[in-house]
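One structure is given here, and the rest of the page talks about it.
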Amino acid sequence: MAFSLQNILNLSISLFLLTSLAKAQNCSDCFIQSRASYYPNSDEYGTNHGACGFGAFGATVNDGHVSTASDLYRDGVGCGACYQVRCTNSNYCSDNGVTVVITDQGSGDNTDFILSERAFSKMAQTEDLAASLKSLGVVNIEYQRVSCNYPGKNITFKIDESSSYPSYLAFAIYYQQGQKDITAVQLCETQSFTCKLLQRDHGAVWTSTPPPSGPLAIRMLFSDGDEANDTWIVPVNNIPQDWNPGAIYDSGVQVN
């Protein structure tokens, strides 16, 4: 009888631990402690030359509330991810902080984020306090991953200027949505639907040498680290057969 009671006790403890772990993994209010600084520039926005390969888009997306990341860059997988970042000094900082998009790689004085000046100021309670906050240079923060939302915007493909039709295709993915990472991309011929798995060149830039011919469909794998939740997204719109370097193509899809 004692053996049976012990088994029941062990089972109860196991169930409690599994439930606690599940809650922790799905916690919507779990913040990580860290530090953040900012990179001052004349226009307060991000940089046009970020490691994610977004170009000018990376400076102004999300109203310029962008950031470089150190470990969160994750060899480019972290590009386009969104985080709620809030400083912890109650004398200066608001409760909500700011939501930023990762557009570059960089590290500072034990920081996870180097925010645009615009994003750094957004953490303050008022514009006057933003000046005081910036004078500190580096502040203690807490952050969490959140969904990226771009109302009225679809996922978009920007053909990189380095592309050369028809032998070399490179493109970046704009307006990544939701809370999952894009971990794989396939380029498919729309006639035969024969697909080719692409290489991540750097950041959010994917390449194919040579790309398939004809109109092309770009399939994206959205993942949160659990294969059971992986989802392949197939755009409504295709890349035209005569694609051009520098062109921007709307996928026609949004991801919750």
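Observations, loosely collected:
- Within the accessible area of region 50-204 (1.4 Å probe), percent carbon and sulfur: 42
- Candidate values (i) 18.9, 69; (ii) 26.4, 95; (iii) 21.6, 77, label of the one derived for Rg and Dmax of the Cα atoms in Å: (iii)
- In region 129-224, the GluC sites (Glu not before Pro) that fall in loop regions by DSSP, at most 14 other Cβ within 10 Å: 161
- Vicinal HN-Hα couplings computed from phi for region 104-114 (Karplus, 6.51 cos²θ - 1.76 cosθ + 1.60; Hz; Gly/Pro x): 7, 10, x, 9, x, 7, 6, 10, 8, 10, 10
- Cα lying deepest toward the dipole's positive end in region 45-175, options 152, 101, 80, charges on Cβ: 152
- For residue 226 and residue 191, the FRET efficiency from 1/(1 + (r/R0)^6), where r spans their Cβ atoms and R0 equals 45 Å, is about 0.85.
- Computed about its Cα centre, the charge dipole of the chain is approximately 360 debye, with only Lys, Arg, Asp and Glu carrying charge at their Cβ.
- Entry comment: accessible area of the chain is 51 Å² per residue, from protein heavy atoms only and a probe of 1.4 Å.
The values are calculated or read from the model by the stated rules, or taken from the named source; none is laboratory data. Only a predicted model underlies this, so the values are computations on that prediction, with no experimental measurement involved. Virtual Cβ from ideal backbone geometry, glycine too; neighbours counted across all protein chains shown. Surface areas here come from the heavy atoms of the whole protein model, side chains and all, with no ligands, DNA or RNA. Shrake-Rupley method; radii C 1.70, N 1.55, O 1.52, S 1.80 Å.
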